[in-house]
């Protein structure tokens, strides 16, 4: 029997988010009810990767302790989000000839095709990396696109386009070590942008085509969806901290004051509002230019009907959705997980990754276990199988 209490931990550069959810109590959207949601300062990270395991361990231990007290439960295991600049994706198209005399596509053919896709990955794209997900995007049979799974169909030649999501070996190994040192067993890991999509995007949005952008402190991660499948993922080394630095330089104020001005905690006539807006707009323009460049690279700029969903701490900036709409020429919205109608529940998209991990955790128990030691990435392709069974048509 699956456990009723699931914990998700999102380890960010400047904050750690911990969500403890009850799988047996659901919200109006069918999501698990949140028992505790805690945000705490994190130390020992830079651009999403760990520079001091000891500092990160202490940060995790502190955040989890607060969450345990609020929820009234003890956290022994958790699902962890993997993010930062070590996360990346690569698309590969490969082809094999079907093996059966009657040309029927078998499970063995699909297994061989997956292996061929992995062999065709450019060496430069997987140097010092391991594959954490391989997502079939499209199949073709004798050059004709196949709708859905091709198993049992007939054809002499079968092609597969696959999205490989990878991460740097040592980044994730360090993260797992830090969590373990905090006295918590890592049950599974998931790419942070995919975890966030479980609670911020609807199936209709994923089918129509959209991009989910998480504006963090030092990174911006985006995941593109079409036909209910993630077709691209990218992380940029820029974030809301760059805005804080720009404000400090532009207004000649200390960093602490610049941060308070950025989030609207300090208002008044002590600084020129027009200049502040110009500073924020200039940096956000840089961020959206990076997103637009990536969408052009994959041929989806201006062609995502469901638009862009903005999450993360940077999404709370004034008029950021309007800036995104103007820059990308697609609909734009601020993400909200809105897990519960009660006022005490967090609705801000800053919780999307941690909350999404609990949704993932509920279903992950139904699949095969994976090794979460430092060698876990060798086996974690099984995780993708679990994910497809639960969330894809």
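Select, from 34, 9, 60, the only residue that is assigned by TED's automatic domain parsing to the domain that holds residue 173, crowded, with 24+ Cβ neighbours inside 10 Å, in a strand (DSSP E or B) and at pLDDT 95 or above.
9
Residues in segment 290-299 that are at pLDDT 95 or above, surrounded by 12 or more Cβ atoms within 10 Å (Cβ to Cβ) and either out of contact with any strand residue (DSSP E or B) (no Cβ under 8 Å at 6 or more places or on another chain) or not in a helix (DSSP H, G or I) (or both): 292, 293. Candidates 279, 266: the one that is farther than 28 Å from residue 195 by Cα and free of Cβ contacts under 8 Å to residues at least 24 places away in the same chain is 266. Filtering segment 201-224 to residues that are at pLDDT 90 or above, within 13 Å of residue 311 (Cβ to Cβ) and touching a helix residue (DSSP H, G or I) at 6+ places or on another chain (Cβ under 8 Å) leaves 211, 212, 213, 214, 215, 220, 221, 222, 223. Does segment 227-243 contain any residue that is crowded, with 18+ Cβ neighbours inside 10 Å and either free of Cβ contacts under 8 Å to residues at least 40 places away in the same chain or assigned by TED's automatic domain parsing to the domain that holds residue 39 (or both)? Within segment 227-243, none of the residues are crowded, with 18+ Cβ neighbours inside 10 Å and either free of Cβ contacts under 8 Å to residues at least 40 places away in the same chain or assigned by TED's automatic domain parsing to the domain that holds residue 39 (or both).
Here is a yes/no grid of residues against (1) without any contact (Cβ under 8 Å) to a residue 24 or more places away in the chain; (2) on the phi > 0 side of the Ramachandran plot; (3) under 25 Å from the mean Cα position of the chain (by Cα); (4) not assigned by TED's automatic domain parsing to the domain that holds residue 10:
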site	(1), (2), (3), (4)
109	no, no, no, yes
123	yes, no, yes, yes
129	no, no, yes, yes
147	yes, no, no, yes
163	no, no, yes, yes
186	no, no, yes, no
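So, in segment 193-234, exactly how many residues are in a loop (DSSP other than H, G, I, E, B), within 24 Å of residue 263 (Cβ to Cβ) and touching a strand residue (DSSP E or B) at 6+ places or on another chain (Cβ under 6 Å)? Final tally of qualifying residues: 1.
In segment 63-80, the count of residues that are crowded, with 21+ Cβ neighbours inside 10 Å and at pLDDT below 90 is zero.
Residue 91 satisfies every condition listed in (1) in contact with a helix residue (DSSP H, G or I) (Cβ under 8 Å, 6 or more places away or on another chain); (2) in a strand (DSSP E or B); (3) over 27 Å from residue 358 (Cβ atoms) except (1).
If you go through segment 53-77 and pick out every residue that is closer than 27 Å to residue 236 by Cα and under 23 Å from the mean Cα position of the chain (by Cα), you end up with 6.
The values are calculated or read from the model by the stated rules, or taken from the named source; none is laboratory data. These numbers come from a predicted model, not from an experiment. So basically every Cβ, Gly included, is an ideal-geometry build from the backbone, and we count neighbours across all protein chains shown.
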